[in-house]
Amino acid sequence: MDRASRYKIRRTLGRVAFRAYCALSYIFLLSPMVVVIGTSLNGPKASTDASFQFPPENISLHWYARIPEAQIEALALSFALAGIVAVLACILGVPAALGLVRSNLPGKALISTVFRAPLQIPSIVTGIAFLQLFYLIGDLTGVYWQGTLFGLVLGHVFVATPYVVGTVTAVLQRFDMRLEEAALIHGASRWRAFRRVTLPVIMPGVYAGGLYAFMVSFGDVPIAIFLTAPGFVTYPVELFTALENDFDPSIMASASMVIFLCLILLLAVQKLVGLDTLLRTGGGGGR
Amino acid sequence: MTARWGLVLLPPFIFSFFLVAASQSVFLELSFFEDLGLGRKGEDFVLDNYTRFLTDSFYLHALWTTIKTSALAALFTLVLGFPVAYLIARMRSQWAMVLIAGIVVATFVTIVIKVYGLIVIFSANGILNRSLMEIGILSEPFTIFGNVSGVVIGLMHFTLGFGVLLLYSVIQTIPRSLEDAAAIHGANRWRVYRRVIFPLALPGVTVGALMIFNMCMGAFTSAALLGGGRVFTLPVLVQRVVMMELKFSMGATLAAILLVSVIAINLLSIFMLRRMKAAHLVVV
């Protein structure tokens, strides 16, 4: 064997080893979700402990028909909450980003620090902070916000808004102001120029930020665990307490549905703005 | 024109500022009152809770556990994540998008669901332990419930997707032409990694490592579930002390200590990022 072919073989081997290693990382990363979906397909009489059987036995949608009321209510609450939070985060975050990028206020760095502060605070700290704040407000006014939708929305908007500020800022910084000026020169009013030129350009950033906000709220445990009440829990908190107390195999079914929902949302984003926009504007990343 | 944009900024700023200031000041103040249990607090402004933290080996051990598990999880996240990030960043085919989608799904699905999957995978008579024992690699099942390795694995699932995306953006700043140049001059792949990619990625990787470490320090869900009431990190203790023991001020103190350590590490990474930007080491 000559030197060149020996080199070639070594190179190929190296490449194969590298790819195998990456494949292992992927298996590590994705296996829990695959296993949850697989386990959810167990039939009513899997041989061992029904909920833990993987690969599934007697494949059926048995458990999908038996998702208890409590979980469905929790899912509905989480959906509504995440939707409200995403909208509010955009309502707060878009003007904030516009102001941060386009104004020349003194102390802009400080203002931007305030907007980004919630990302620096561990969620569990945010949870206890809002709980104590609500206790204080309740003691003063007699109205307690923990265990209400309003309280949950407040806590989640707090952590979700920075994501919108981040994504929209990222898009705005690349925005060519001459586009808007051109519209103004051609006789558009300021509002019309903004609505017809600027807004369409920053929309991908708004979608990306809104998606982050939705996901942050939809997946949160550490804040919601302080702000929910018995009979009024979000889906992740319901799962959290179920694991600590008694375990119901139907959880795997509802969890699988949530995984599929994430996939669908992702596909929608890919169609709407492209995954690369989501990454390029990744406002602080997932938590 | 620019003044108007300042006005646009004002309402969200006031709202955010109020939320940050109000929420943080209330619990920080509470942390300075003696804890009398059952949600009651003392009258005086004292450092009791803080001295309790520094003198009680239980709390100090929790701090140490938090640091240890976070450091391990951050290290393993880098080791597992860097090659994947490199692979995606250098891929020219359409498959790159599919691989990225896999990572994004993993970051979007809530950690609670992933913990359920992990528990099935690592259960004593689950598929992994049974096959590993059959081959003879393990003599007894490797479980992750209620021990430190479980918490580390849980934390990694919390950070790995995010870590890959972070490292991906770091590697994208290294021009491919530099690798080509090294290869043309006779460096083999390993040498290119060691002498070109690694040194150029190091600053970004260091900052990324600090961010991941920080995420782990504040991670509650995976640590609480996989710790199974036996491994206590600071975030787990915060919830436990407040919700189960109803020690509000002590919980506030623990939260304050967690907050201060996390912010200190954040400032360190921002400071490092500034210096690197000044030295043109990263293009962020």
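The values are calculated or read from the model by the stated rules, or taken from the named source; none is laboratory data. Predicted model, so just to flag it, every value in this text is computed and none were measured. Counting neighbours? That spans all protein chains shown, and the Cβs are built from the backbone with ideal geometry, glycine included.
Can you confirm whether segment B:185-208 contains a residue that is charged (D, E, K, R) and in contact (Cβ under 8 Å) with a residue 40 or more places away in the chain?
No, segment B:185-208 contains no residue that is charged (D, E, K, R) and in contact (Cβ under 8 Å) with a residue 40 or more places away in the chain.
Read through the list (1) at the interface with chain B (Cβ under 9 Å from one of its Cβ atoms); (2) out of contact with any Ser or Thr (no Cβ under 6 Å at 6 or more places or on another chain), then give the number of the only condition that A:Phe79 fails.
Failing condition for A:Phe79: (1).
Here is a list: B:Val196, B:Val98, B:Val192, B:Val148. Which entry is crowded, with 16+ Cβ neighbours inside 10 Å, out of contact with any Asp or Glu (no Cβ under 8 Å at 6 or more places or on another chain) and not hydroxyl-bearing (Ser, Thr, Tyr)?
Answer to the check: B:Val148.
For A:Val171, work out the one condition from (1) more than 13 Å from every other protein chain (Cβ to nearest Cβ); (2) modelled with pLDDT under 90; (3) in contact with a strand residue (DSSP E or B) (Cβ under 9 Å, 6 or more places away or on another chain) it doesn't fulfil.
Looking at each condition in turn, A:Val171 falls short on (3).
Can you confirm whether segment A:152-159 contains a residue that is at the interface with chain B (Cβ under 7 Å from one of its Cβ atoms) and modelled with pLDDT of 90 or more?
Yes: one or more hits.
Just give me the residues in segment A:96-129 being assigned to a helix (DSSP H, G or I), hydroxyl-bearing (Ser, Thr, Tyr) and facing another protein chain (nearest Cβ under 8 Å), in sequence order.
Within segment A:96-129, A:Ser123, A:Thr126 qualify.
How many of the residues making up segment B:184-213 are of a type in the set (Gly, Ala, Ser) and at pLDDT below 85?
Of the residues in that region, 2 qualify.
Of (1) in contact (Cβ under 8 Å) with a residue 12 or more places away in the chain; (2) within 8 Å of another protein chain (Cβ to nearest Cβ); (3) touching a Phe, Trp or Tyr at 6+ places or on another chain (Cβ under 7 Å), A:Gln132 satisfies all except one. Which?
With respect to (1) in contact (Cβ under 8 Å) with a residue 12 or more places away in the chain; (2) within 8 Å of another protein chain (Cβ to nearest Cβ); (3) touching a Phe, Trp or Tyr at 6+ places or on another chain (Cβ under 7 Å), A:Gln132 is out only on (1).
Yes/no matrix, rows are residues, columns are (1) more than 30 Å from A:Ala242 (Cβ to Cβ); (2) surrounded by fewer than 16 Cβ atoms within 10 Å (Cβ to Cβ):
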{"residue": "A:Phe18", "(1), (2)": "yes, yes"}
{"residue": "A:Pro56", "(1), (2)": "no, no"}
{"residue": "A:Trp63", "(1), (2)": "no, no"}
{"residue": "A:Ile72", "(1), (2)": "no, yes"}
{"residue": "A:Leu98", "(1), (2)": "yes, no"}
{"residue": "A:Pro106", "(1), (2)": "yes, yes"}
{"residue": "A:Thr113", "(1), (2)": "yes, yes"}
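Quick check on my filter: what residues within segment B:8-53 are assigned to a helix (DSSP H, G or I), surrounded by 12 or more Cβ atoms within 10 Å (Cβ to Cβ), of a type in the set (A, V, I, L, M, F, W, C) and more than 8 Å from chain A (Cβ to nearest Cβ)? Walk me through it before giving the result.
Narrowing segment B:8-53 to residues assigned to a helix (DSSP H, G or I): B:8-30, B:48-53.
Subsequent filtering for residues that are surrounded by 12 or more Cβ atoms within 10 Å (Cβ to Cβ) retains B:8-13, B:15-17, B:19-30, B:48-50, B:52-53.
Those left that are additionally of a type in the set (A, V, I, L, M, F, W, C): B:8-10, B:13, B:15, B:17, B:19-22, B:26-28, B:30, B:53.
Listed by number, the residues that qualify are B:Ala21, B:Leu28, B:Phe53.
Starting from residues that are closer than 18 Å to B:Gly218 by Cβ and among the aliphatic types (A, V, I, L, M), keep the ones in segment B:154-201 and report whichever is farthest from the chain's Cα centre (by Cα).
Residues of segment B:154-201 closer than 18 Å to B:Gly218 by Cβ: B:154-163, B:166.
Pick out the ones that are also among the aliphatic types (A, V, I, L, M) and you get B:155-156, B:160, B:166.
Details: B:Leu155: 7, B:Met156: 8, B:Leu160: 9, B:Leu166: 12 Å.
Ranking the candidates gives B:Leu166 first.
Hand me the list of helices (runs of 4 or more DSSP H) wholly inside segment B:76-174 holding 2 or more residues that are more than 9 Å from every other protein chain (Cβ to nearest Cβ).
The helices (runs of 4 or more DSSP H) meeting that bar are B:95-108, B:127-135, B:148-172.
Looking at the structure I just gave you, is B:Ala187 more than 10 Å from chain A (Cβ to nearest Cβ), under 20 Å from A:Phe18 (Cβ atoms) and of a type outside the set (Val, Ile, Thr)?
On the way: more than 10 Å from chain A (Cβ to nearest Cβ): yes; under 20 Å from A:Phe18 (Cβ atoms): yes; of a type outside the set (Val, Ile, Thr): yes.
It is true that B:Ala187 is more than 10 Å from chain A (Cβ to nearest Cβ), under 20 Å from A:Phe18 (Cβ atoms) and of a type outside the set (Val, Ile, Thr).
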